[in-house]
Amino acid sequence: MDILLSHAKKYWGDIFWAVITVFAMVFATLWQPKLLQNIINAILKDQSNKILSIGVWLIVIAAIGLLAGVINTILSAKVAQSMSADIRETAFRKIQTFSYSNIERFQAGNLVVRLTNDINQVQMLVMTILQSLIRVPILFVGAFILAINTIHQLWWIILVLVILVFGISATTFGKMGAHFGFMQKYIDRVNELAKENLAGVRVVKSFNQESNEQQRFDVVSDKLNGENIYVGVLFSVLIPAFTLVGNLAIVAAIYFVGDLAKTDPSSVAAIASFINYLLQVMFAIIIGGMMMTFSARAMVSLQRLREILDTKPDITYQDVPETDLTGSVSFDHVSFTYEGDDTPTLKDISFAVNPGEMVGIVGATGSGKSTLAQMIPRLFDPQEGTVKVGDTNLKDVNEHSLRKAVAFVLQRAILFSGSVADNLRQGKHDATKSDMDRASKIAQAAEFINRLPEGFDAPVEERSANFSGGQKQRLSITRGVIGQPKVLIMDDSTSALDAKSEKLVQQALNNELKGTTTFIIAEKISSVINADKIFVMDDGKLVGQGTHSELVQNNQIYQEIYATQKGKEEA
């Protein structure tokens with residue numbers, strides 16, 4: 001609840017008036033039966049003037065209740081919408097501080113559900129609090145007291161009603177609570193499967209896996225459906241049970257009022273008010289129980305949001321002045337193990353790279369090439385050793401200085417919906433047209449961008465579906481080089497390019513980014529054959545470094561890779 005309280009401070013004014021309107025609604029609801037009783041008494045006594053005046057007051061009270069209800073709904077909706085938007089923004093900002101390991105721990109699909117479905121549950125909770133949870137206890141106490149005051153001889157009927165309704169509510173609603181937690185779990189899984197299936201739709205269709213994917217989805221969907229049906233069945237039992245109890249209470253009240261009327265004729269007029277208060281007591285308990293059940297589901301969602309807000313990012317940055325880093329990079333006995341793994345991915349890595357050098361990194365799949373590269377922009381921190389850029393420990397650098405100095409181009413080119421220019425400005429927020437022209441020429445992207453009618457303002461659709469794999473990689477490279485970083489890391493980011501385009505990109509990098517330290521991770525030795533240094537990785541270890549000619553002569557692993565690839569090319 002502390003999440004709600006912290007975000008409610010901005011809206012105390014609206015909350016105050018929402019509470020005031022609740023009291024006005026309760027007052028109108030409780031006072032109308034009493035006025036109705038007075039009208040019946042006036043009718044029995046043939047007091048026409050009194051009937052008219054009380055009737056006017058009855059209309060006024062009803063109008064007050066109606067107006068208060070409208071205002072309460074407007075204010076409650078406003079507060080609920082505003083608070084849920086604030087919580088969503090707060091959670092999203094917190095997620096932006098997460099490291100790769102934090103995101104992997106939660107999983108992307110799970111975080112999406114928390115930002116959507118769970119926030120919606122919290123929004124409903126705020127609406128419920130301002131509309132019902134405040135109203136119900138006041139209505140219950142007020143109706144209980146007025147019912148006893150109306151016909152005090154029938155106090156025991158009210159007591160029996162309360163006991164029965166409370167018993168039914170506690171039994172039924174208690175069973176629902178745990179199932180709301182299961183529902184959220186299955187919603188997470190359904191979202192994860194749907195996202196996975198849609199993202200990999202080409203693979204699914206290529207291998208004719210539609211029926212298997214449908215079966216996987218159906219299993220989880222059926223479990224979610226089962227939970228919903230179980231809760232629905234409980235609700236279907238509730239309404240008849242409450243109706244039966246209420247009707248029995250009314251029958252008992254009318255029966256015993258018949259005896260009271262013989263000695264006290266005024267009890268005939270009071271029976272309508274008594275029954276009204278009786279029903280208000282019953283409905284207060286019912287609504288309160290239902291709201292508490294819905295609140296239990298919202299509390300599960302609040303706890304899930306609290307997990308996000310309480311998570312500490314694995315990587316934090318020092319609050320130090322911004323520094324202008326040079327392009328030198330060094331690793332000093334660096335070792336790293338992914339969370340949940342027993343075997344280190346990097347084992348005692350040490351090297352030094354001078355500014356402006358081009359470094360190739362080769363090795364078998366799983367040898368640790370990409371993990372090594374991810375240490376340089378500090379996507380992960382090593383458990384042992386030190387990583388330095390510009391002779392400065394990355395743990396002593398602020399984030400803006402590091403992002404300005406180091407650019408990372410991934411193998412899987414990820415573009416965001418918007419325009420080409422929007423994506424390029426992620427690499428340099430104030431990039432001009434000339435900056436984009438220069439960078440696109442280096443990445444060999446200018447040839448297809450210039451053919452687009454809108455040029456750099458051309459739209460990028462969701463998941464960049466309107467560009468080919470090679471075009472996406474070239475746009476990704478353009479984004480990486482546009483800020484003229486001191487260190488550029490290319491993680492197999494030319495794999496989708498043809499041999500000619502790849503060669504042109506490498507030539508442009510050599511000619512246009514001479515002062516930039518470049519790390520090129522590649523499966524093909526031909527991609528790094530002209531590098532100043534080539535690092536050879538094997539089983540997480542740096543087993544060799546040198547030029548191509550040196551490694552061909554003195555490094556067995558490099559010789560094997562080169563011989564294999566050379567044999568394929570000759571064949």
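Full extension of the segment from E454 to D319, taken as 0.36 nm per residue of separation minus the current Cα-Cα distance, would add 44.4 nm.
With the cut-off at 1.5 for a/c, could you classify the range 38-153 from its C-alpha gyration tensor as rounded, prolate or oblate? Judged from the Cα gyration tensor, the range 38-153 comes out prolate (a/c at least 1.5, a/b above b/c).
Label-to-label distance for K78 and W57 is 3.3 nm, based on points extended 7 Å past Cα in the beta-carbon direction. Of the residues Q374, L410, V460, the one whose Cα sits farthest towards the positive end of the charge dipole of the range 329-570 is V460 (charges of +1 on Lys and Arg Cβ, -1 on Asp and Glu Cβ, taken about the Cα centre). Just want the answer: with Cβ charges of +1 for Lys and Arg and -1 for Asp and Glu, which residue in L346, V481, F23 is farthest toward the dipole's positive end in the chain? With unit charges placed on the Cβ atoms, the residue in question is F23. Rounded to the nearest 20 debye, the dipole magnitude of the range 2-310 is 360 debye, with +1 charges on Lys and Arg beta carbons, -1 on Asp and Glu beta carbons, and the Cα centre as origin. Legend: distances between Cα atoms for K9/K404; K388/K433; K541/K566; K205/K441; pairs beyond 26 Å are K9/K404; K388/K433; K205/K441. Among 457-466, 126-135, 242-251, sorting by the average number of other beta carbon atoms lying within 10 angstrom of each residue, highest first, gives 126-135, 242-251, 457-466.
For K34, the lysines whose Cα falls under 18 Å of its own Cα, not counting residues fewer than eight places away in the same chain, are K45, K50. In the range 2-310, Cα pairs under 8 Å separated by at least six residues give a relative contact order of 30 percent. Helix 119-128 axis versus longest C-alpha principal axis of the chain: approximately 20°, rounded to the nearest ten. Loop-resident GluC sites (Glu not before Pro) (DSSP state other than H, G, I, E or B) in the range 310-384 with no more than 14 further Cβ atoms inside 10 Å of their Cβ: E322, E339. Name the residue from Q96, I157, L513 whose Cα lies farthest towards the positive end of the charge dipole of the chain, charges +1 on Cβ of Lys and Arg and -1 on Cβ of Asp and Glu. Of the options given, the answer is I157. From its DSSP helices (H runs of at least four residues, each -39,500 (n - 2.57)), the chain gives a residue-normalised ellipticity at 222 nm of -21500 deg cm²/dmol. Computing Cα extents along the principal axes in Å directly from the structure and comparing it against [x] 73, 64, 46; [y] 119, 46, 45; [z] 128, 67, 66 singles out [y].
Taking 13 Å as the straight-line reach from the Cα of K503, none of the aspartates and glutamates fall in range once those fewer than 8 positions away in the same chain are excluded.
The residues neighbouring M375, those whose beta-carbon lies less than 14 Å from its own, together hold a net charge of -1 under the Lys/Arg +1, Asp/Glu -1 convention.
In vacuo Debye scattering of the range 2-310, one point per C-alpha: log10 I(q)/I(0) at q = 0.09, 0.11 Å⁻¹? Here log10 of I(q) over I(0) equals -0.63, -0.84.
For the chain, the longest principal axis of the Cα atoms and the long axis of helix 155-199 meet at an angle of about 20 degrees. In a fully extended conformation the segment linking A465 and T311 would gain 52.0 nm over its present Cα-Cα distance, using 0.36 nm per residue. Packing around the peptides 473-483, 196-206, 71-81, taken as the average count of other Cβ atoms within 10 Å per residue, puts them in this order, highest first: 473-483, 71-81, 196-206.
By DSSP, the beta bridges lying fully in the chain are antiparallel in about 50 percent of cases. On the basis of the beta-carbon distance and an R0 of 45 Å, S236 and S101 show a calculated FRET efficiency of 0.45. Note on K223: lysines with a C-alpha under 24 Å away, same-chain residues under 8 apart excluded, are K175, K185, K195. The residues packed around G418, meaning those with a beta-carbon under 15 Å from its beta-carbon, carry a net charge of -1 if Lys and Arg are +1 and Asp and Glu are -1.
Values in this text are rule-based calculations from the coordinates and carry no lab data. Here the structure is a predicted model, which means the values were calculated and not measured. Positions of Cβ are backbone-derived with ideal geometry, glycine not excepted, and every protein chain shown enters the neighbour counts.
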